[in-house]
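Okay, structure first, notes after.
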Amino acid sequence: MNKVDYDRALYYTHRSEWDNLLILMVRTKDNLLSKKIEHFLHAYNFSHDYDEIESKLYTLFRYIEHANFTIGLEETIASTEEHYINM
């Protein structure tokens with residue numbers, strides 16, 4: 001997982017930079033992030049139901065939040081293990 005991808009997804013979504021979000025969707029190695037972006041962009045471009053668009057956006061945000069939390073947790077565990085190994 002690349003934390004930069006999640007930061008970019010948040011930034012592009014906040015700034016409504018849909019072209020850059022589409023490029024990120026194609027380039028990211030995280031298949032779930034790519035799929036969440038795809039679903040959101042499809043709803044944004046083709047759906048007339050605001051509730052669906054909002055639902056896809058919040059699903060994307062929840063996944064980004066989960067991924068960032070998981071990466072932070074992995075980094076904390078790795079640094080703790082390194083600390084105990086070097087003792």
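So the values come out like this:
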| read-out | value |
| --- | --- |
| Förster radius 25 Å - calculated FRET efficiency between ASN45 and ASN2 (Cβ-Cβ, nearest 0.05) | 0.45 |
| Degrees between helix 31-46 axis and first principal axis of the chain (Cα, 0 to 90, nearest 10) | 20 |
| Karplus-derived 3J(HN,Hα), 6.51/-1.76/1.60, for each residue of segment 71-77, Hz, glycine and proline x | 5, x, 5, 4, 5, 5, 5 |
| LEU22 paired with GLU52, simple spin-label distance in nm, labels 7 Å along Cα-to-beta-carbon | 1.9 |
| Rg over Rh, two decimals, segment 12-86 (C-alpha only, Kirkwood Rh) | 1.16 |
| Under Karplus coefficients 6.51, -1.76 and 1.60, residue-wise ³J(HN,Hα) of segment 48-61 in Hz, glycine/proline x | 9, 9, 4, 4, 5, 4, 4, 4, 5, 5, 5, 5, 4, 4 |
| Between 0 and 90°, nearest 10: helix 18-27 axis offset from the chain longest Cα axis | 50 |
| Over the chain: helical MRE at 222 nm, DSSP H runs n ≥ 4 each giving -39500 (n - 2.57), nearest 500 | -29000 deg cm²/dmol |
| By average C-beta atoms within 10 angstrom, highest first, the peptides 71-81, 14-24 | 14-24, 71-81 |
| Using a Förster distance of 30 Å, the FRET efficiency for ARG15-THR76 (Cβ separation, nearest 0.05) | 0.50 |
| Principal-axis tilt of helix 3-14 within the chain, Cα atoms, nearest 10 degrees | 30 |
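Quick note: the coordinates plus some simple rules give every number you see, no bench work behind them. None of the values given here were measured: they were computed from a predicted structure. A quick note on method: Cβ atoms are made from the backbone with ideal geometry, for glycine too, and the neighbour counts reach across all protein chains shown.
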